[in-house]
Amino acid sequence: MMTLELITGIWDFLSECDTRLLLVVNGWHSAYWDSFMRLYSTQKLLWIPLYIALCHVIYRNFGWRVLMWTIILECMALLITDTTASHLIKPYVGRLRPAHLDSGIASVVHVVDNHRGGAFSFPSSHSGNIWGLVFLMALLLRHRWITFCLTLWALLMCYSRMYLGLHYPSDLLAGFVLGVACAWLAWLVLRRVKDAECGTSIETESKRLEGGLIPIYTLGATLFLIVCLSFFVRV
């Protein structure tokens, strides 16, 4: 009985911390940041140049076969992550989004452009998908600055999901675990395919990475574009 009460107490404490952290992030808002976070989080087409830049670096350093398999495996990892999160775990757990009208805290959650998302929030598909991509690129490219910049990109994406009132921190953490797990499986296959196709190790070739600054500059340019657009696009 004491053990059960202890577990319940710990669970309640963590749940309260989860909610409080969400409300702190969500509470720091302004008209400008509403626009910025909305564009950053929901306008997926803005990130196409970054994906093209990453594909260019992969092709330039490893050839079209590795690029093809990277795209295939990344798409499979995204599909598994998104399907598992959205169609298996979310309906089973049934945790309502913070901004959902029946969540219990909707009255104190700041909602941007009346966007409340779908019904359920745990785990976050956004978090799983973006961290899966970051993890796979880190393992494949092994370029510290690309990894660093992509990590900041993913962290800000997770922050934006809390800012918009669409996810609790624990949703994002669970999405991170799911995305990294799927990306790791994709990497195990990609490494075997690369060695079989080219007869050399990805780890060896990645030390001589060419064009590594291209994704970094592209990411910076996209962020600058969002910063500028946020002054003129009001939600």
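The values are calculated or read from the model by the stated rules, or taken from the named source; none is laboratory data. The model shown is predicted, which means the values in this text are computed figures rather than measured ones. With ideal geometry, Cβ positions are generated from the backbone for all residues, glycine too; neighbour counts draw on all protein chains shown. Just so you know, the surface numbers come from the protein's heavy atoms only, side chains and all, with ligands and any DNA or RNA stripped out. Shrake-Rupley method; radii C 1.70, N 1.55, O 1.52, S 1.80 Å.
Looking for whichever is in contact (Cβ under 8 Å) with a residue 60 or more places away in the chain, loosely packed, with under 12 Cβ neighbours inside 10 Å and over 15 Å from the mean Cα position of the chain (by Cα) here; the options are Trp64, Trp28. Which one fits?
The match here is Trp28.
Spot the failing condition for Gly104; the list is (1) free of Cβ contacts under 8 Å to residues at least 12 places away in the same chain; (2) surrounded by 13 or more Cβ atoms within 10 Å (Cβ to Cβ), and only one is missed.
Going through (1) free of Cβ contacts under 8 Å to residues at least 12 places away in the same chain; (2) surrounded by 13 or more Cβ atoms within 10 Å (Cβ to Cβ) one by one, Gly104 breaks only (2).
If only one of Ile80, Ile58 is in a helix (DSSP H, G or I) and either open to solvent by 20 Å² or more (accessible area, probe 1.4 Å) or free of Cβ contacts under 8 Å to residues at least 60 places away in the same chain (or both), which one is it? Lay out the reasoning, then the answer.
Details: Ile58 fails: either open to solvent by 20 Å² or more (accessible area, probe 1.4 Å) or free of Cβ contacts under 8 Å to residues at least 60 places away in the same chain (or both).
Criteria check complete, one pass: Ile80.
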